[in-house]
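Structure first, then comments.
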Amino acid sequence: MAHNSTEHRSYANERPASLSGSGETTDIATDPASGGIFAADYKKHEDLKQMLDSNKDNLKLEAMKRIIGMVAKGKDASDLFAAVVKNVVSKKIEIKKLVYVYLVRYAEEQQDLALLSISTFQKGLKDPNQLIRASALRVLSSIRVPVIVPIMMLAIKEAVNDMSPYVRKTAAHAIPKLYCLDPELKEQLIEVIEKLLSDKTTLVAGSVVYSFEEVCPERIDLIHKSYRKLCNLLIDVEEWGQVVIINMLTRYSRTQFLDPNAGEAVAEDLPENFYGSDDSDKEETNEAVVVNVKKPYVMDSDHRLLLRNCKPLLQSRNAAVVMAVAQLYHHIAPKSEVGIVAKPLVRLLRSHREVQSIVLSNIATMSAKRRGMFEPFLKSFFVRANDPTHIRLLKLEILTNLASETSISTILREFQTYVTSADKNFVAATIQAIGRCASNIAEVTDTCLNGLMGLMSNRDESVVGESVVVMKKLLQMNPTEHKEIIRHLARLTESISVPMARASILWLIGEYSDRVPKIAPDVLRKMAKTFITEEDIVKLQILNLGAKLYLTNSKQTKLLCQYVLNLAKYDQNYDIRDRARFLRQLLFPSEKGGALNKHAKKMFLASKPAPVLESQFKDRDQFQLGSLSHIINSKTIGYHELPEFPEEAPDPTVRNVEMPAPWDEPMSTGKIFKKMKPRKFYSSDEAEESNSESGSDSSDSSTTSSDSDSDSDSSSDEESEEEEKRKVRKKKRVVTKLDEDESIESNSDSSSSSSSSSSSDSDSSEESSEESDSDENEKIKLQPKTKTKPVASPKREGKKHKSSDKTQQSQVQLLDFDDIGSPPSTVTNHIQDQSVLVPVLSSDLQGLSLNNVGNISVTTAMKSPTQTHELLNRMHGQGLSAVYRFTRGTCIYSTTMVPIELTITNTSDVVIKCIKMGETKLKGDMKIHQFQEIPSLAVGKSVNTSLGIDFADTTQPANFEICTETRKFNVTINAPGRSKLRGMNENIGKVEIPAANNERKKIIECIADVANVQVVPLSDLEEQVYRLAGRTASTGALCLVSVKSNDSGEGSITVNCEKMVIGNMLVKDIKNSLSKVK
Amino acid sequence: MINSLFIINNSGDIFMEKHWKSVINKSVCDYFFEAQEKAASPDDVPPVINTPHHYLISIYRNQLYFVAVVTTEVPPLFVIEFLHRVVETFEDYFSECNETIIKDNFVIVYELLEEMLDNGFPLATESNILKELIRPPNIIRTVVNSVIGGTNVSDQLPTGQLSNVPWRRSGVKYTNNEAYFDVIEEVDAIIDKSGSLVFAEIQGYIDCCIKLSGMPDLTMSFMNHRLLDDVSFHPCVRYKRWESERIISFVPPDGNFRLTSYHIGSQSMVAIPIYVRPQMSFKDSGGRFDLTVGPKQTMGKTVDNVVIKAELPKVVLNVNLTATQGNHTFDPVNKTLTWEVGKINPQKLPSIKGSMNLQSGSPPPEANPSITVQFTIQQLAISGLKVNRLDMYGEKYKPFKGVKYLTKAGKFQVRT
C-alpha cells in the first residue's frame, strides 16, 4: 500500500481533469484532515488486494466485481491498479473482461503500470481466433497511454489486413482512438483509412466511415472510389453505421453533384411572402418552367443511386436512420422527391419525447421552406393535453408554418382551444402564432385581430400583455383601418401592467397619434404621473411618446414633455438618462446646437416598415438538418459546414472503380511457398453488381470447425447475404421456394435462392446449380467469367507486416501442417489431394511437439474443392446417386460443423419421391444437420442440397441413411483429414555466400551457429535448398528456415516464423553467419 | 461520439457513471441540474443542453435521467436513440430498469455498456448478441453463482457478431417450437367539446415472441396490406420483399422483439370505439360534474379496462361524486380525478356525477380541463388489419403459431 500511495502521488499531477468521482482519495495523501477516511479505505482496499492476490479464481472474481462496482459509482479505485493489472493474464474470461474494464478506465492515470499489460494484448493480437484478436486490439487501443502509440500503429496496420472483417472493423474503431492520442499520425492513419475504405464488407463500412469522419473529414477525395460501394452496401450496414455513412454522403454529394433544384432558385424567391397559390401547384409549375426555360438538368446516375438506395431506410425502426435519410433528401434531392420523407418523419412523432422534440425541431425548419410537404399531416401536429411545454411550442411553430388559406380556419379553431390552456408559456406562444398567421395570410388578419381583442378581457395578465404586443405588430401593417382598436388599446393603459404590453401600447399611440388626437395627450399625462414607478422599457416609450406628441401637437404637450424629460434626467438607468438628454437636445435645443432640430420630425415620424413576423427557427436552416448544431442553433465543435452545390459538376469519372482492391495486390512472391489458390474475396468487379461479392474468403481454409475454436469466418455468409439482398433488389428472387433448399435459405440465402431458382426452372442442369453454389463456395474453375483477376498473395490472419526494409518484404503465408505421420517429403500432390478433403481445419497448434517439427511440410495452395466423392452409387441406390463435396465454406448450421454439399441425381426412370435423411449412426459427440427433405426428384434431374456434420475432431466417419419413399440406403461420409493452417511471417534476405561456406555441411553449420534448428530431411540437395526447423523455447512458435544457394555463391534466406521479430532477427543473423568466412 | 454516461435518479444523485474516453468530471451534470430546475416537469427538460465545453443529451425514462456527454458534433437522434436502446437492453435483461435494479447489477450493467459502445461508437446493440456475451441473470444462475462464484459473463465467444444475421444467436433449441404475434393498435384521438372528432390516428405494433429452433425463415402476409403504407421494420425484415410483394419476410431474432410498427394517419378513417360525455359547470358556490361513457364503433367487442382521468382546475378542493360502477379517487395535490370504470355494459352505461368543492374566494376557472381515456378491446385490431398467414421455411418441425389482436387507447383525449 505504501508503495502504491507513493506511486499514486507521483502521478497525481499527471492526471488532469481525471479526478472526477475520485474526490475522496485522490488528494487525501496530502490532506491530513481526511486521514480517517483514508484509513478506512486503506483497510477496505487491503482486503480486496488480498483477494486479488489469492490464487482462487472466485475470490479474484469477487474482488473484481466489487472494484467494478466502485468504478461504476464513480469512487476512486486507482490504488488497486497494480493488484488488478496482474490478473490480466488470468485464464478465466470473466476475470479478464473485468480487468479490461478496469484497465481502460485507469490506464491513463497509471501509465507505467499499464505498460505491464501490453504484452498480453500483443500476444492476443496474434491469436488464431478472430474474436480474441479483435478484443485485444480493442482494449489495446482503448488504453490511452502515449508510450504505446507505435505499438498501436503497428497493430492497426496489421489488423487492417486481417482477413476477418470483424478484426478490420475493430481496427477501424481503433483509428480515431489513436488519432486522439497522437494527431501527428494523421497522414499514416489516412493511409490506413484509405485502405479500409476499399473494404467491401458491411461490417467494416460503417466503422471506417466513422473513423474517416473523426480523422480526416476534409479528405472527401478518398470517398470517390468507394462511393458506389457504400451506396450499395448501405442497406445492409448496421443501423449506427448507416447514420454516419448517410451524413457523410450528404456532404459528399454537395461537393460532387449539381444542384437538382438549381433552376428553381430564382423562381422560388418570389412566392416566399406571397401565398397566392397552392404550394404544391406552385412547385409543379415552377418545375415546368424550369424544364422549359433552362436546359434540362440531368441528374448524375451516382446521385440517383444514393437517393434510391437510401429510400428504403425510411422504414428503419431507428429514428436516427430515418432522420439521416430525411436530411439527405432535404439537402440533395430534387424538390419533387423530398415529399416522401414527410410521412416517416411524422411517424417518428409517436416515439419517445426526446425523439419527438428533435424531429419536431427539424420539421419546423423543413416546413418553413417546404410547406406543402407537411400540409397533409397538419393534424398530427395538434397539441395533446399531455405534451410537455417545449414540444407544444415546437408544434405551434410548425402549425404556423403550415398555415395557408385552406387550413387557416382549422388552425385558428385549434388555437382557440390552446389559449384557454393552463400553461401560460404555451398560451403566450399561441398568441404569437396567431399574430404570425394573421400577418402571413391577409384574409384572416381581421379575424385574428378580433380574436385577440377578445383576449383583452382575459383575466390573465400575461395573456393580455402578449396579445397587445402581437396586436401592435399587426396594427403597424395596416393602421388606418383599425382606429377603433388603437383607441381601445389606449384605454387599456390603465389596466395592463405587463411592461412589454404597456410599452407597445405607448408606442402605438405615439406612432398613430393623429388617429387618436384626443386620447394621446391624455395618455401622456397619465403616464407622466406614474413615470417613476414604471419599468425601464415603459419609461423609454413614455419619452418617445412625449417626443412624438410634442412634434405633432406641441401646444398641448410641451409642458408635459418637458416634465417627463426632467423626470428622466434623474433616473437611475443611464439608458433613460441618455435618451432624455438626447431628446432634450433635439427638441429643445440650446442656442448653439440645433442643427438637427429641423429634422426632428423626419426622424421621429418617419414611416416605419412593418415588422415581418418570422419564425425563430428561420436561421437554423444554415445548419445541416439533424445535426447537433441545428438543435442548439450554433456551430458545434467538429461540425462540418454543408457546402453549396458546385456550379460545374466535378468529374464524375473519379468514382469509376478499377479492380482489384489495393491490398490484394501481390506483395511478394514466396519462393518456397508456392502460390496459394488465388483468392476471390474482394476481387470481384464492383461495377458488375450481379456478381459482386461473389467471392468469399471462407475457403481460405483458415476457418476451423473444431469445438475448441469457433473461429468461423462469417464473411461468406455475409457476402452471400449481401448478395441475396442485392438479388432481391433486382427482383430476381424466386418466390417459390423448394423445400430442399429451405435449410440453406435461412442462413445463406444466396445459395438457396439461386439454386432454387435453377432447380425450379425446369431445365436446371447440374452445372447451373453448381455454379450458383460456387458463388458462395468459391470454385474458380467453374466460374471463370465471374472471376475478374485472380489475386495472388493470400494473406493470413493479421500476420502481414510491411517492413520498412524493402528487401525484406515480408509476406503472409499459409503453412499447411500436415497430419502427423504423413510422409514428410511429399510437398506436392498428395497433400493437395488430401487437403481437398480439408474444408475446415482444427487449430490447436500447441499440440505439436518438437519431435514432429520434422513433419512440418509445406504445401502448395489448396485447390478449390471441386473434387466430389461418391456417397451413393447409382447401382446401389437403384438409380439414385449421390455425390458430396466439402464446400469449405463456413457451415451455416453451426460453426463447428463441416459444410457438405450433396448432389443427388435421379438416374432411374421413375420419379423418386421423399428423399430425406434417415437414421444416423454417429459416434461420440458427432452431430449432423440433416439436409432438407426433397419432395420429389424428376427423372434425370439432380438437385443440390447441403448438410452439416460436426465430426467433433475425430476421424470417425459419419454414417447415416438416405431414405426415399420406398428404400433406405446406408451411406458414409468420411471425416475430412485434419491439418492446420497458421499464418507466418516471412522474412527474406539475400546473401553472398563465400565459396568457403558454400557447401551443404558448412551452410548448415553456419545456420546452426546462429540458431538451434534441425535439418528437415526433405531438403532438396540438388537444388541446394536447405530447410531447417525449430521452435522457440517459451511459446513454441515454429520457425522454418530455408536457405537456397547456387554455385556462384548467391544465396537467399527465407525465414518463416510466427514471431515477426524473431524471423527478422534470424534472417539477419544467418546472413551474417553465412557471409563470414571462418 | 458519446464520451460519458451518467445515470441520475429523481432526487439528483448521480449513482452511476461510465466513460468511454477520457474521464469527464461529473460536475458537468450541474448544467443538467440547472436545466432541470428550470423545467416545470421532468418531461420538460430539454433533451439537448449546451454547456461551454460539452453537450449534454439526455433522456428521461422510468424516473431516471440518462445523461450522455458529447464533445463534438453528432446527430442528437443518434445519441437519443442509443440511450433508449440502452434502457431497452436493461429492461430486457432485468425485466425492468430502475435505480435499485441497476445498483444490484452494477457489474452486468457495466459489462453491457462496455460492449455496447467502443470509444463512444455503438458496437453491439442487438440483444441477441449481447446475450451471447453476457448472460442475463435469473434466479437459478444467481444462486449458482453465489455458491460457486461464477459470473454472467459467458465463456463463449459471440459468434453472432460475425454472422450475417447478427440479431439471431446460433444454435437455438427449443422442445416446443412456438411463435406468437401480438398485433397491438393504439388509438390516438382528440375529441372536442361537442363530441366530434378533431383528429384520430392509429399506431400499431406487431410484437413477437419467437421460440423456434434453428434458423427459421418466416413470412407473414396480411389480408389487407393496403392499410400499411407507413411502416417501420426490425432490421431482420427484408425491405425489398415488402416493397414488391407486401410480405414480411424475415429470419427472426430469438425471443421477444418488435417486428413492425405502423402508423395509420389522420387521413384515413379511424373508428372511435368509445364516447365520453362530460358536463362540468362552475359557479361561485361550487361545481357540478357529470360524465357518461359509452361504446361507439366496437365491432361487436366489449370495451374493457376503461379508466377515465380528468385533471380538474386548481381551484377544486375536493369532489363528492357517485359512480354507477367502478372506483374513483381524487388526488387533491395534483387535482387528478381517476375513475376506474372497468367493463362497459352497453345496456347500462356507466356514469359518474356529483359536486365539486371550490376554493372560496377565487374566481371559477375559465377553461375546462381535458379528459384522458384508457381502454382495451381484446381480439380486435381497430384498423381492421388481419394476418392472413404465417409460413415457416428453413426448418422441418411444425411450429405452434398464434396471433393475438388488441386495441387500446393511446393518447386519447377529450376536450371539455
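Points to keep in mind about this one:
- Number of residues in the stretch A:399-430 that are assigned to a loop (DSSP other than H, G, I, E, B), crowded, with 21+ Cβ neighbours inside 10 Å and more than 10 Å from chain B (Cβ to nearest Cβ): the value is 1.
- Residue count for the stretch A:73-121, restricted to those that are among the aromatic types (Phe, Trp, Tyr) and either part of a loop (DSSP other than H, G, I, E, B) or away from chain B (no Cβ under 14 Å) (or both): 2.
- Residues satisfying the stated conditions in the stretch A:133-163, i.e. within 14 Å of another protein chain (Cβ to nearest Cβ) and among the acidic types (Asp, Glu): A:ASP162
- The set of residues in the stretch B:213-233 that are within 10 Å of chain A (Cβ to nearest Cβ), within 24 Å of B:LYS398 (Cβ to Cβ) and either in contact with a Leu (Cβ under 6 Å, 6 or more places away or on another chain) or not in a strand (DSSP E or B) (or both) comprises B:GLY214, B:MET215, B:PRO216.
- Selection status of A:GLN624, modelled with pLDDT under 80 and within 30 Å of B:VAL79 (Cβ to Cβ): no
- The numbered conditions (1) assigned to a helix (DSSP H, G or I); (2) within 7 Å of chain A (Cβ to nearest Cβ); (3) surrounded by fewer than 18 Cβ atoms within 10 Å (Cβ to Cβ) are all true for B:ILE80 except (3).
- Matching residues, the stretch A:389-398, being within 12 Å of another protein chain (Cβ to nearest Cβ) and more than 32 Å from the chain's Cα centre (by Cα): A:THR389, A:ARG392, A:LEU393
- For the stretch B:13-31, the count of residues that are within 22 Å of A:ARG317 (Cα to Cα) and in a loop (DSSP other than H, G, I, E, B) is zero.
- Checking A:VAL341, A:VAL359 one by one, the residue that is touching a Leu at 6+ places or on another chain (Cβ under 8 Å), crowded, with 22+ Cβ neighbours inside 10 Å, within 24 Å of A:LEU394 (Cβ to Cβ) and within 11 Å of another protein chain (Cβ to nearest Cβ) is A:VAL359 and no other.
- For the stretch B:260-293, the set of residues classified as under 17 Å from B:GLY342 (Cα atoms), in a strand (DSSP E or B) and in contact with a Pro (Cβ under 7 Å, 6 or more places away or on another chain) consists of B:ILE274, B:LEU291, B:VAL293, listed by residue number.
- Among the residues of the stretch A:362-379, just one is within 7 Å of chain B (Cβ to nearest Cβ) and out of contact with any Lys or Arg (no Cβ under 9 Å at 6 or more places or on another chain), namely A:LYS379.
- Candidate set: the stretch B:234-256, residues that are at pLDDT below 90 and among the aromatic types (Phe, Trp, Tyr); chosen: the one nearest to A:LEU314 (Cα to Cα): B:TYR239
- Residue satisfying all of: in the stretch B:201-254; among the aromatic types (Phe, Trp, Tyr) and surrounded by fewer than 19 Cβ atoms within 10 Å (Cβ to Cβ); farthest from the chain's Cα centre (by Cα) among these: B:PHE222
- B:THR51 being touching a His at 6+ places or on another chain (Cβ under 6 Å) and either within 11 Å of chain A (Cβ to nearest Cβ) or not small (Gly, Ala, Ser) (or both): no
- Of everything listed in (1) under 24 Å from B:ASN3 (Cα atoms); (2) among the acidic types (Asp, Glu); (3) in a helix (DSSP H, G or I), the single unmet condition for A:GLU218 is (3).
- Verdict on A:LEU189 being in a helix (DSSP H, G or I) and crowded, with 23+ Cβ neighbours inside 10 Å: yes
The values are calculated or read from the model by the stated rules, or taken from the named source; none is laboratory data. Quantities reported herein were computed from a predicted structural model and do not represent experimental measurements. Every residue, glycine among them, receives a Cβ derived from its backbone with ideal geometry; neighbour counts consider all protein chains shown.
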